[in-house]
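To start, the structure under review is shown below, and the notes come after it.
The values are calculated or read from the model by the stated rules, or taken from the named source; none is laboratory data. The model shown is predicted, which means the values in this text are computed figures rather than measured ones. All Cβ positions, glycine included, derive from the backbone under ideal geometry; neighbour counts span all protein chains shown. Only protein heavy atoms, including side chains, enter the accessible area calculation; ligands, DNA and RNA are left aside. Shrake-Rupley method; radii C 1.70, N 1.55, O 1.52, S 1.80 Å.
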Amino acid sequence: MKNRFLACPLAAATALALAGCGMLPGGGGQTKTVDIWLMRDSVSEDFLTRFTEAYEEEHDGVDLKVTIQEWTGIGKKVTEAIQGGGGPDVIEVGNTQVAQYADTEKLFDLTLESVRDLGSEDWLPGLAEPGRIGGSQYGIPWYAANRIVIYNKSLFKEAGISEPPADRAEWLADTEKLDRGASQGIYLAGQDWYTLSGFIWEEGGELAVDKGGEWAGALASPAARRGMAFYKELQSLGEGPKNADEQNPPQAEVFARGDVAQLIATPSAVAAILKANPALDGKLGFFPIPGKKAGRPCAVFTGGSDLIIPENAPERGAAIDVVKALAGEKWQTELARSMGYVPNKKGLASVVAGQEATAVMAEGAARGRATPNSPQWANVEADNPIKPYMTAVLQGEDPLRAAQRASAAITDTLAE
C-alpha cells in the first residue's frame, strides 16, 4: 500500500483527489498519474479505496488521481475538458450522454478493446448501445440501474394474491383487486415518462427514430400509442396525479403511508420508504415489471454510467488499462455488491443473487433500453414534450392528436 493513503484520508464532503497529497514519485521519475473523474455517489469511499490500493499494488509506477464531480453542470465541464488539453484520462458519464460527447469527435475509439478484452457481446444493451456511435464503441458500460415493482406484502395478502404476476394481463387483474377500499392498487404519477418508455418499447414502438441521419419523433405510431394506452389503464388503478411526475410529491413518501400496494421505482427508493415508515421493514417485496409474455420482463429504461477516454488523454495507454479493470469481472462484482448496482454483463447477474431487490433489477436489465442515441436528446429532456403529452392523454385528449404534437416537438428539437 502506498503511504499517501495514510496522509490523505478520503472525506465524503470533499472531492477526492487521491494522488494529490503526499504522493511519492517512485520508479525513478517513471510514475504515471491517471486522472479519473467519477460522479458524486457513484461509488463509496470504501470501494474507491480498495480499488485504488489494489490497482496501484498491481501496477507499479501508476498512481490514480480520482476527482469526484457533481452532476449539476457536468455536461459543459466534460465538453470543455475533452476539447481542451491535459486531461482527464478517464471520465464517468451517464450512459445516455455518450452521444453528445462523441459528436465532438474528441473521444477515443474503444471498439478494439471492447471486443478483444471486455467481452462486449454480453454487455447489457441499455449500457452498450448508447456508447456505440456510428458502429464504434466510445462508451464502456460500467453499471446499470432500472425500475422494478416494489410491493406491500401485507396488502397483497389481504387481497388474496400469493405470488407476483407472471405477465401484464395478470398484473392488471391483480392491480384491480388491490385497488379497493382505502387502498390504491398502484401509485403511478402521470408524467413518469421513463416507465412509459418501457411500455412503448414492449409494444415495439420508439420514442424517436433515425431516418437516414435525420431523427424524428415516433410517439404517434400505433405501437407507441398502445404503450400509452396501457400506461393510462394502469395509472387509473390508483390516485397518482395526472399532471405531475414521480418527484411531485416524492412517490416513495406516498408509498410509505402504507395504503399503496405497488410502486414502480429503482431499489434505491427502499431506503426513502423505510426512512419515512420504518414499520414497513420486512414487508416489502419485489418483482420485475411484467411483460406481455409470461416469464419475460417488460422492456425497461436502463440508467447508469459508461466510462469514456478523451482523445487528448495524457496517459491514454494507462487509462485504457484502468477502464479494463473497472469494467472487468472482479471489480464489477465488487461494485455491484457494495453499491446495489446491476453489473455491466448479463452473465454477471448471479453475483447479486443474494440481494433480493438488486437481483430482481438485474433480471429486468436483460431487456433494458436507453433513450434515442442522438447527441440532441438531452435537449429533448430539458424541455420534455413527453410529459405534457402524457397528461393530455390521461385527461382525455385525443391520443393521436396529442402524440402528433409531442412527436413534432421532438423532431424539431433533434434537428437543432
Packing-based order for 86-95, 215-224, 380-389, using average beta carbon neighbours within 10 Å, highest first: 86-95, 215-224, 380-389
Sort the following peptides by mean Cβ neighbour count (other Cβ atoms within 10 Å, averaged over residues), highest first: 248-255, 397-404, 320-327, 53-60. 320-327, 248-255, 397-404, 53-60
222 nm mean residue ellipticity, helices alone, for the chain (DSSP H n ≥ 4; -39,500 (n - 2.57); rounded to 500): -11000 deg cm²/dmol
For the range 143-211: span of alpha carbons on each principal axis (Å, largest first): 50, 27, 23
Determine the dipole magnitude for the range 320-416: charges of +1 sit on the beta-carbon of Lys and Arg, -1 on that of Asp and Glu, nothing else is charged, the reference point is the Cα centre, and the result goes in debye to the nearest 20. 320
So how strong a dipole does the range 27-79 carry about its Cα centre when Lys and Arg Cβ are +1 and Asp and Glu Cβ are -1, to the nearest 20 debye? 440
Residue of Ile161, Ile289, Ile36 that the Gaussian network model of the chain assigns the largest fluctuation, springs spanning Cα pairs under 10 Å: Ile161
Of the convex hull enclosing the alpha-carbon atoms of the range 182-336, the direction-averaged projected area in nm² is 13.9
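Leaving out ligands and nucleic acids, note down the accessible area per residue over the chain with a 1.4 angstrom probe, in whole Å².
Averaged over the residues of the chain, the accessible area is 41 Å².
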Hey, how many Å between the Cα centroid of the range 338-416 and the Cα centroid of the range 248-272? 19
In nm², the average projected area of the convex hull spanned by the Cα atoms of the chain is 20.6
Which lysines, on any chain, are close to Lys283 with Cα under 17 Å apart, when same-chain ones fewer than 8 places away are left out? Lys153, Lys157, Lys275
